[in-house]
Each structure stands twice: as C-alpha cells, then as structure tokens.
1. Among the numbered criteria (1) assigned to a loop (DSSP other than H, G, I, E, B); (2) in contact with a Phe, Trp or Tyr (Cβ under 6 Å, 6 or more places away or on another chain), which single criterion is violated by SER30?
2. Would you please name the residue that is farthest from ALA64 (Cα to Cα), looking only at residues in region 6-22 that are surrounded by 11 or more Cβ atoms within 10 Å (Cβ to Cβ) and over 14 Å from the mean Cα position of the chain (by Cα)?
3. Determine which member of the set ILE119, ILE58 is in a strand (DSSP E or B) and aliphatic (A, V, I, L, M).
4. Quick one: in region 1-60, of everything that is among the basic types (Lys, Arg) and modelled with pLDDT of 95 or more, which residue is nearest to MET88 (Cα to Cα)?
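The values are calculated or read from the model by the stated rules, or taken from the named source; none is laboratory data. Just so you know, these numbers come straight off a predicted model, no measurement behind them. All Cβ positions, even for glycine, are placed from backbone atoms using ideal geometry, and neighbour counts span all protein chains on display.
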Amino acid sequence: MKTPVSSPRAPKAIGPYSPAVRAGQLLFVSGQVALDPVTGNLVNSDIRAETRQVLENIGALLSAAGLDFSGVVRTTVFLADMNDFAAMNEVYGTYFTEPYPARATVQVARLPRDARVEIDVVASYA
C-alpha cells in the first residue's frame, strides 16, 4: 500500500506526481527544486540559497510524514553545473549528521524551472 504525503510548508507538485509517497517502512520524496512554497517562485539568488530552500522543502515533507533528516538513508543530488558542488555540499552538510545517507551526485543538462540543484531522498521509519 502506498500513501501520498504533502505539506503546506512544501511546494505543490508541478506535474502528475506526489511530493512524497510512503510505502511500507520507506518514504520516497520526489525531487525538490528551490520553489518557495508560498509564492511558487524559484529561489535562485545563488547555489547556497537554492540548496537551503530545497532542503527546507524536503524537511517539510519529512516532518509531514513523521520523520526528520536522521531517517534519510539515500539521496540523489542533481546539479546543473558540477562547479557548484563544493557550495552545495557545504549547505547539504548542515542538514545531515553521521551516519550520513548514501548519496549520488550527478551533473545534468537542465533541471525544471532552470534550477541549479534538485535533490530527492529515500527515508526509513525503521
């Protein structure tokens, strides 16, 4: 059984998908870009601000599902420019503690709304 999860503190889906879905003891959070949940506009002042907004959106979805960042077991980071890796990683590191989740980071040709960063996560209730 799967149950959709959303939060008024996270942006609404911009397509035919759920912001997050719980399936058994796992929560799958869809890729988040730096959309301000109030205005729906992209926060794009710099990669640090975008990364912070992305992680705040993820945090809101985790909270709505009864979890926090300590439950995250896997992330995927999509960057429009791998030159932004160090700055993204600096902000990312403030949201997680050891043991850190497994992670893949890849550069992509383009992201929704021309964002610089998108992150998805898988979290566990166990």
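1. (1)
2. Step one: list which residues in region 6-22 are surrounded by 11 or more Cβ atoms within 10 Å (Cβ to Cβ), which gives 6-7, 9-14, 17-22.
Subsequent filtering for residues that are over 14 Å from the mean Cα position of the chain (by Cα) retains 14, 17, 22.
Working: ILE14: 19, TYR17: 17, ARG22: 11 Å.
So, considering only residues that are surrounded by 11 or more Cβ atoms within 10 Å (Cβ to Cβ) and over 14 Å from the mean Cα position of the chain (by Cα), the one farthest from ALA64 (Cα to Cα) is ILE14.
3. Values: ILE58 fails: in a strand (DSSP E or B).
The unique qualifying residue is ILE119.
4. Taking region 1-60 first, the residues among the basic types (Lys, Arg) are 2, 9, 12, 22, 48, 52.
Those left that are additionally modelled with pLDDT of 95 or more: 2, 9, 22, 48, 52.
Numbers: LYS2: 31, ARG9: 22, ARG22: 27, ARG48: 6, ARG52: 9 Å.
Only one residue tops the list, namely ARG48.
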